[in-house]
1. Please go through the stretch 36-85 and pick out each residue that is over 19 Å from Glu17 (Cβ atoms), of a type in the set (A, V, I, L, M) and over 13 Å from the mean Cα position of the chain (by Cα).
2. Looking at the stretch 9-55 only, could you name the residues that are of a type outside the set (A, V, I, L, M), closer than 22 Å to Phe74 by Cβ and part of a helix (DSSP H, G or I)?
3. Please determine whether any residue of the stretch 58-68 is modelled with pLDDT of 95 or more and either aromatic (Phe, Trp, Tyr) or open to solvent by less than 50 Å² (accessible area, probe 1.4 Å) (or both).
4. Considering only the stretch 23-39, state which residues are open to solvent by 60 Å² or more (accessible area, probe 1.4 Å) and more than 22 Å from Pro63 (Cβ to Cβ).
Amino acid sequence: MGRTKKAYAYQINLIPEKEGGYTVLVPSLQGCVSYGGTIEDATKNAAEAIELHLENLAAHKLPIPDDNETVPIFTTLIHVTPSHV
């Protein structure tokens, strides 16, 4: 019988770039960075980057961080114009 593979979940941060597209950071996987021209592409590319990152960790017999307990975080940008600054 085949061995069941463990599923992992990682939070990603999508950072809009001035020239367009999105840089993707994976906070739980130091050095795991990706990019995509759209949110959909960036997310898809991030999944591939995470898989490759985990394979690299396993190949070097390094521990694989488990981010399954992370609670999703929602952030937004707020513009303010203080009157005394």
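1. Leu57, Ala58, Ala59, Leu62, Ile64, Val71, Ile78, Val80, Val85
2. Across the stretch 9-55, the qualifying residues are Glu40, Asp41, Thr43, Lys44, Asn45.
3. No, the stretch 58-68 contains no residue that is modelled with pLDDT of 95 or more and either aromatic (Phe, Trp, Tyr) or open to solvent by less than 50 Å² (accessible area, probe 1.4 Å) (or both).
4. Just the residues of the stretch 23-39 that are open to solvent by 60 Å² or more (accessible area, probe 1.4 Å), to begin with: 25, 27, 30-31, 33, 35, 39.
Result: Tyr35, Ile39.
The values are calculated or read from the model by the stated rules, or taken from the named source; none is laboratory data. Fair warning: this is a prediction, and the values are worked out from it, not measured in the lab. Quick reminder, even Gly has a Cβ in these numbers, built from the backbone with ideal geometry, and neighbours come from all protein chains shown. Side chains included, ligands, DNA and RNA excluded: accessible areas come from the protein's heavy atoms. Shrake-Rupley method; radii C 1.70, N 1.55, O 1.52, S 1.80 Å.
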